[in-house]
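Contents: one structure, followed by commentary.
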Amino acid sequence: MAIGQASPHSSSSPEQRRTDGSMWKYIKYLNVFVFCKCLKLLGNIMVLMVLGIVGFTWYAVVPGYYGPLMLVGPAGRAFGSTIVVVVFSMLAIMLSWCYLATVLVDPGRVPPGWHPFPDDAVAARELELMQYADYYIDRRDPRRPRFCKRCSAWKPERSHHCSMSGHCVLKMDHYCIWVVNCVGLLNYKFFLQFLAYTFVASVMAIACLIKPMLTFFQGTVGSGSAIAFISVVINSAFAVSLAGFLVMHANMLAANCTTIEMYEKERIHPWPYNKGLRRNFEEIFGKSKLRWLLPFYTADERRQLLESCLNTRLLQSCMSSSAGRDAV
């Protein structure tokens, strides 16, 4: 059964469809992102800047202040300083690992030749029907069949074309200049972990450097107090901004919704991907509590993620609902 239906008496004439096709032939080249490729170069600078800030903050906390306290003074202070050094160093390592995973892991691409239909003949027929103006599909439904004209290929549900990456991305959330990569199906977990670890590290750095920073305002200006002051200012800005991002993404995670989907003008209700808070969380982070903290997927977890986007179960549900409306 065809998902869309075109009326035999379509209001668009063959001449009109040819005109629309000619218009698209020229419009598709007017991609403003072509003029923004310099953002990728800027993104490479951003990567170095992020790693530089992490290194600078770690230096301010560990070698700059708490490292020397491990070796001198009362035993209690030395023990407390050791705890700070170990915990903050682990946070720095984890946030750097999560950050690099977000940068380097491909968010997920559409396999060549993929389509959501039973066979190629049905796919070709649906593509032809999509040329008609009265092709019947609820455009609020993300499960509807979609064809990417830039890639000349079918798009799986929840996938979108990323102009910066130049291809369709599975379960695309957004393109992030800070990671020079698109955040999508296979690296969204790492992105959230990076936000969480960075927020915790920023708050800890502020708390640990308050005392040496105060010496900067008391007139005792040394290299350690100046570095502490700069680090507190930088991390305060990061902590405030990251708190907002974490709240926003926590809400989207609870609803199993991406940034693109959240800000669409119209969304279908109830949201077909919302499985409840726990299942939504496990879909992204997995069921292993240990791996909730680590930025990697097992082969089985990766397979399940890909199947969640590339199978046709939800599409078949959409076909059934469309068929019911057609019958009415």
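The values are calculated or read from the model by the stated rules, or taken from the named source; none is laboratory data. What you see is a predicted model, and the numbers here were worked out from it, not measured in a lab. When we count neighbours, we look across all protein chains shown, and the Cβ atoms used for this are built from the backbone with ideal geometry, even at glycine. With ligands, DNA and RNA removed, areas are computed over all heavy atoms of the protein, side chains included. Shrake-Rupley method; radii C 1.70, N 1.55, O 1.52, S 1.80 Å.
Going by the structure shown, is Leu195 over 30 Å from Ile53 (Cα atoms) and modelled with pLDDT of 95 or more?
No, not satisfied.
Please pick out the residue among Ala201, Ala237, Ala226, Ala205 that is open to solvent by 40 Å² or more (accessible area, probe 1.4 Å) and in a helix (DSSP H, G or I).
None of the others qualify; the one that does is Ala237.
Against the definition (in a loop (DSSP other than H, G, I, E, B), surrounded by fewer than 22 Cβ atoms within 10 Å (Cβ to Cβ) and either in contact with a His (Cβ under 7 Å, 6 or more places away or on another chain) or modelled with pLDDT of 90 or more (or both)), how does Arg140 come out, yes or no?
In short, no.
If you scan region 143-190, which residues turn out to be open to solvent by 10 Å² or more (accessible area, probe 1.4 Å) and of a type in the set (Phe, Trp, Tyr)?
Phe147, Trp154, Tyr175, Trp178, Tyr188
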